[in-house]
Amino acid sequence: MTEREIIRIEDLSKSFYGKQGEVVALEKIDLSIRKGEIFGVIGLSGAGKSTLVRCINFLERPTQGRVIFDGKDLSQLNEAELRLARRSMGMIFQGFFLFAQRTAFRNICFPMEIAGVYDKQQMQERAMELLDLVGLREKANAYPSQLSGGQQQRIAIARALATNPKVLLCDEATSALDPTTTQSILSLLQDINQQIGVTIIIITHEMRVIEQVCHRVAVIDQSHIVEVGEVKDVFLRPQSQIAKQLILPRGEGVEQVTGERCLRIVFDGSTPAEPIISNMTLSCQAAVNILFADTKNIAGNAVGHMVVQLPEDETAQARILAYLDGKKLYYKEERLHDYV
Ligand SMILES: Nc1ncnc2c1ncn2[C@@H]1O[C@H](COP(=O)(O)OP(=O)(O)O)[C@@H](O)[C@H]1O
Ligand SMILES: [Mg+2]
């Protein structure tokens, strides 16, 4: 364990044994997480991501291998010591899991009550401080059912931070949220990381989550880590098949457009995607090259984003921008060389 590491995972394997025999969820995982970083783990459903987080905090005991957290080999700890170590690892999930009968304030107090080392005043002060941190002081007395999904996740984050953990584990924490709320939760995690220096591990199947906040990323596929690196390196030069599949734009329907300008168009769910691009081509008499698209159809409208390469002709470019403005679509300039 070096000075800069907070977690080291060594030769970790995890199997489940059931009616169908052995299910290998993780095999020979080696990872090193640095203090203060935001580390992403991306993979498809069933790859082993949730099992990995649960092994990191020893909610699941690895079948083989070690987890060294803050200098301690977790397999060597007794139950009491493990509980103490877990208190240093906050966790949030896709489903928030707030206590329905407790107010936001009392949800945040919960881990401090369990820890049993805080007096009432300390708990109150800490809970209010955390409500401020997540921007929800005015919701202290609201019950989870009175909060939006994004607000519930903010309270869950505050609760996870209550006992001053060194690491925050996030398992698909934004997967149930719409794109705008996802962005705000990710910015909050980023602020928290910068302000209090907590190490954050983000588990997701969505590459935009990794792209927006992570410093480094590991790609997990079928129980194995197939790639680890700085996000920009992995995104620009994915090596494994699965990373290419998750990251690279599909090559279909790409025409030759020679312009250097490139736009990212964001679909916030208020318009359908397909007609926009084809109508734009018709009404502007200019084709764009779709370099990347990650849009989902939700109730007939598009949610996601798309990167298009503009034609070389400046008038055509201006027409396209005007068209997008007219449709009230948000867009921003991108660097072509990040995509081709
Ligand atoms: N408690 C369990 N018992 C049996 N199999 C499990 C259990 N938890 C996970 N698995 C299996 O382990 C594999 C990885 O699951 P999981 O870690 O949940 O993947 P992910 O979070 O990437 O979707 C899957 O094949 C899953 O069915
Ligand atoms: Mg999972």
- line: Flagged pairs (Cβ under 8 angstrom, 6 or more apart or on separate chains; first in region 192-207, aromatic (F, W, Y); second assigned to a helix (DSSP H, G or I) and open to solvent by 10 Å² or more (accessible area, probe 1.4 Å)) are none
field: E274 being closer than 17 Å to K332 by Cβ, open to solvent by 10 Å² or more (accessible area, probe 1.4 Å), in a helix (DSSP H, G or I) and at pLDDT below 95
entry: no
statement: Note on T2: of the conditions (1) surrounded by fewer than 22 Cβ atoms within 10 Å (Cβ to Cβ); (2) under 28 Å from Q212 (Cα atoms); (3) within 16 Å of ligand 2 (Cβ to nearest atom), unmet is (3)
- request: Taking only region 293-340 into account, find how many residues are in a loop (DSSP other than H, G, I, E, B) and either farther than 29 Å from R237 by Cβ or not hydrophobic (A, V, I, L, M, F, W, C) (or both).
  value: 9
message: Which pairs turn up if I take residues in region 258-280 that are farther than 24 Å from D313 by Cβ and look for partners that are at pLDDT below 80 and part of a helix (DSSP H, G or I) with beta carbon separation below 7 Å, at least 6 apart in sequence or on another chain?
response: F267/A273
task: Being surrounded by 19 or more Cβ atoms within 10 Å (Cβ to Cβ), within 16 Å of ligand 1 (Cβ to nearest atom) and over 25 Å from L291 (Cα atoms) narrows it down to one of I201, I185, I210, so name that one.
output: I201
- request: For region 49-66, enumerate the residues that are crowded, with 16+ Cβ neighbours inside 10 Å and within 14 Å of ligand 2 (Cβ to nearest atom).
  value: K49, S50, T51, L52, V53, R54, C55, I56, E60
- prompt: When residues of region 294-316 are filtered for being open to solvent by less than 80 Å² (accessible area, probe 1.4 Å) and under 21 Å from the mean Cα position of the chain (by Cα), how many remain?
  reply: 8
query: In region 188-198, how many residues are over 13 Å from the mean Cα position of the chain (by Cα) and open to solvent by 10 Å² or more (accessible area, probe 1.4 Å)?
result: 6
message: Checking the condition surrounded by fewer than 17 Cβ atoms within 10 Å (Cβ to Cβ), over 22 Å from L189 (Cβ atoms) and more than 9 Å from ligand 1 (Cβ to nearest atom), which residue from G46, G21, G36 passes?
response: G21
task: Evaluate region 170-181: report whether one residue or more is within 12 Å of the chain's Cα centre (by Cα), closer than 25 Å to E5 by Cα and part of a helix (DSSP H, G or I).
output: no
statement: Across region 67-81, the tally of residues that are of a type outside the set (F, W, Y) and either within 12 Å of ligand 1 (Cβ to nearest atom) or crowded, with 18+ Cβ neighbours inside 10 Å (or both) stands at 3
task: Return the only residue of A173, A142 being buried (at least 20 other Cβ atoms within 10 Å of the Cβ), in the same structural domain as Q101 (by TED's automatic domain parsing) and aliphatic (A, V, I, L, M).
output: A173
query: Tally time: how many residues in region 320-340 are surrounded by 17 or more Cβ atoms within 10 Å (Cβ to Cβ) and modelled with pLDDT of 80 or more?
result: 6
message: Please determine whether any residue of region 47-57 is without any contact (Cβ under 8 Å) to a residue 12 or more places away in the chain and within 20 Å of A218 (Cβ to Cβ).
response: yes
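The values are calculated or read from the model by the stated rules, or taken from the named source; none is laboratory data. Computed from a prediction, not measured in an experiment: that's the story for all the values here. Backbone-built Cβ (ideal geometry, glycine too); neighbour counts: all protein chains shown. The area values use the complete protein model at the heavy-atom level, side chains included, leaving out ligands, DNA and RNA. Shrake-Rupley method; radii C 1.70, N 1.55, O 1.52, S 1.80 Å.
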